[in-house]
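Accompanying notes for the structure given below.
The values are calculated or read from the model by the stated rules, or taken from the named source; none is laboratory data. As the structure is a prediction and not an experimental result, all values here were calculated from the model. Quick reminder, even Gly has a Cβ in these numbers, built from the backbone with ideal geometry, and neighbours come from all protein chains shown. Accessible surface areas use protein heavy atoms only, side chains included; no ligands, DNA or RNA. Shrake-Rupley method; radii C 1.70, N 1.55, O 1.52, S 1.80 Å.
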Amino acid sequence: ALRGAGVQADCLRSHLASQTQDLEQKGLLLSESSFDALEEELVRTLKVCLETNENLLHCVARGRPLCVLKYAMTFDGKTASESGHSAWISGTQSRQLVYQQRAICDCVVVGGETARSDNPRLTTRRDEGHVPTRVVVTRSMDLPLECNLWDARGGPTLVITEEGVNPELQGKLRKKGEGGGEAK
């Protein structure tokens with residue numbers, strides 16, 4: 001099990017053996033099956049730790065954030081229905097996976113066209129837990145003043161655009177409490 005998890009078995013066995021000796025000195029004896037169970041629990045714990053901290057570990061090791069692309073299309077290669085509606089062309093199971101992924105991400109990014117045409121919420125659909133920042137990247141800043149992304153109950157939203165584009169809308173969004181950044 002240890003080698004399958006990519007963990008050096010000798011190192012863990014040595015650590016477990018020293019821990020076992022401490023227990024034996026205190027009058028507790030571990031059988032070989034108990035030792036194996038302890039070893040399996042340690043591997044499970046290590047896997048959970050690595051999975052839980054995947055984003056951080058990736059960022060530290062590679063010096064850049066972990067990015068995940070979610071993309072859906074129909075069998076004929078379309079990303080929207082014939083009517084132009086593109087929200088959830090994937091199924092229920094896929095949506096649940098998207099919500100789970102969002103719950104461990106720092107942010108969810110969409111372009112201005114998606115914000116205009118789909119009016120997404122970009123939330124985890126959970127009442128508790130981590131809330132990722134919603135990010136809209138747009139050159140034109142041609143965004144609706146009323147949309148789901150400006151609802152603060154869904155989490156913070158950051159709009160990234162070019163310097164000096166649509167200052168009127170930028171001002172209105174700032175009054176609503178949304179952050180904005182101009183690229184220079």
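Brief remarks on what is shown
- The H on the amide N of Glu162, modeled in the peptide plane, is under 5 Å from the matching H of Ala183, each at least 5 residues off or on a different chain.
- In order along segment 49-64, the phi-based Karplus estimate (6.51 cos²θ - 1.76 cosθ + 1.60, θ = phi - 60°) of 3J(HN,Hα) comes to 4, 5, 5, 5, 9, 3, 4, 5, 4, 4, 4, 5, 5, 9, x, 8 Hz; Gly and Pro are listed as x.
- Amide H contacts of Gly111 (H built 1.01 Å from N, under 5 Å, at least 5 apart or other chain): Val137
- Residue ranking by accessible heavy-atom surface, 1.4 Å probe, largest first, among Leu69, Leu149 comes out as Leu69, Leu149.
- Phi to ³J(HN,Hα) by Karplus 6.51 cos²θ - 1.76 cosθ + 1.60 over segment 119-135, Hz, x for Gly, Pro: 6, x, 9, 6, 10, 8, 6, 10, 7, 10, x, 5, 10, x, 6, 8, 10
- Net charge contributed by nearby residues that have their C-beta within less than 14 Å of Asp118 (K/R +1, D/E -1): +4
- Packing around the peptides 70-79, 54-63, 116-125, taken as the average count of other Cβ atoms within 10 Å per residue, puts them in this order, highest first: 116-125, 54-63, 70-79.
- With a simple spin-label model that places each label point 7 Å from the Cα along the Cα-to-Cβ direction, the separation between Ala72 and Val60 comes to 3.5 nm.
- Per residue convex hull volume, Cα atoms of segment 121-174, in Å³: 75
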